[in-house]
1. Just the residues that are basic (Lys, Arg) and crowded, with 17+ Cβ neighbours inside 10 Å, please, taken from the range 163-198.
2. Pairs only if they're at least six apart or on different chains, beta carbon under 7 angstrom, first in the range 36-62 and open to solvent by less than 60 Å² (accessible area, probe 1.4 Å), second β-branched (Val, Ile, Thr) and assigned to a loop (DSSP other than H, G, I, E, B); list them, first residue then second.
3. Here is a check on your reading of the model: is Leu113 among the aliphatic types (A, V, I, L, M) and within 23 Å of Asn39 (Cα to Cα)?
4. Counting just the residues of the range 113-148 that are over 23 Å from Arg177 (Cβ atoms) and open to solvent by less than 70 Å² (accessible area, probe 1.4 Å), which one comes out nearest to the ligand (Cβ to nearest atom)?
5. In the range 82-198, which helices (runs of 4 or more DSSP H) lie fully inside it and hold 2 or more residues that are among the charged types (D, E, K, R) and under 19 Å from Glu54 (Cβ atoms)?
6. Of all the residues that make up the range 92-102, how many are buried (at least 22 other Cβ atoms within 10 Å of the Cβ) and more than 10 Å from the chain's Cα centre (by Cα)?
7. Yes or no: Asp87 within 13 Å of the ligand (Cβ to nearest atom) and over 29 Å from Asn10 (Cβ atoms)?
8. Which residues, taken from the range 34-81, are of a type in the set (D, E, K, R), near the ligand (Cβ under 7 Å from one of its atoms) and part of a helix (DSSP H, G or I)?
Amino acid sequence: MYMGMVERRNALGEDEYRGKLLAGLTGRVIELGAGPGNNFPFYPPTVEHVLAVEPESLLRTECAKNAAQAPVEVTVVDGVAGRLPADEGSVDAAVASLVLCSVPDQNRALAELRRVLREGGELRFYEHVIAHHPLAAMLQRFADATFWPRVAGGCHMGRDTRAALQRAGFSLEWCERFTFTPGPPVPPIPHILGAARP
Ligand SMILES: C[S@@+](CC[C@H](N)C(=O)[O-])C[C@H]1O[C@@H](n2cnc3c(N)ncnc32)[C@H](O)[C@@H]1O
């Protein structure tokens, strides 16, 4: 997401979701698809280190600039969800924020997140998901099968990420579902925010 859009979304309340996403985290954290580092200002001081993984080179450059201003130590690295640049059991927490919509293989990404989390670690997630309303879900799936991923960097609107988390063996500690409206021309979009353990 570009900076103007980020500011607009924060003004509409996304900053509160990001704060809640990261509240209480401690120790070593891996953030998947960190983008320009939109979450960095919200990391609590109890976090020792964030390994920010970002595959897209322009975003990675922006991410590195924002890492230098972050309230916690952040290292920015190249990498993809299907093969995370971290050892097994090496992190206390993982963060996936508006990224599981875009990874090519969600099951593979979730398996990788499980691999790098230590026993008892947690995954925090903030993702937009498929609608409950059948007509809205059908429109999302139609968009996913046609133009949307091509114009939106591989994003899919109709993914059931809550179900994917459970299928991947995560147990949900908490999971809030709400509608976020980024503003015209984007319609209200269902999101989930929560924590899960492997
Ligand atoms: C909508 S942006 C979200 C950025 C940031 N996480 C946030 O919360 O604002 C989606 C991000 O996912 C990244 N991404 C896309 N495919 C990926 C993959 N296969 N592995 C890791 N990151 C990926 C993109 O490069 C981009 O930074």
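The values are calculated or read from the model by the stated rules, or taken from the named source; none is laboratory data. Nothing here was measured: the structure is a model prediction, and the numbers come from that model. With ideal geometry, Cβ positions are generated from the backbone for all residues, glycine too; neighbour counts draw on all protein chains shown. When the accessible area is computed, the model is the full protein with side chains, heavy atoms only, and any ligands, DNA or RNA have been set aside. Shrake-Rupley method; radii C 1.70, N 1.55, O 1.52, S 1.80 Å.
1. Correct list: empty.
2. Tyr43/Val72; Val47/Thr26; Val47/Val72; Val50/Val72
3. Yes.
4. The residue in question is Val116.
5. 106-116
6. 1
7. no
8. None; the set is empty.
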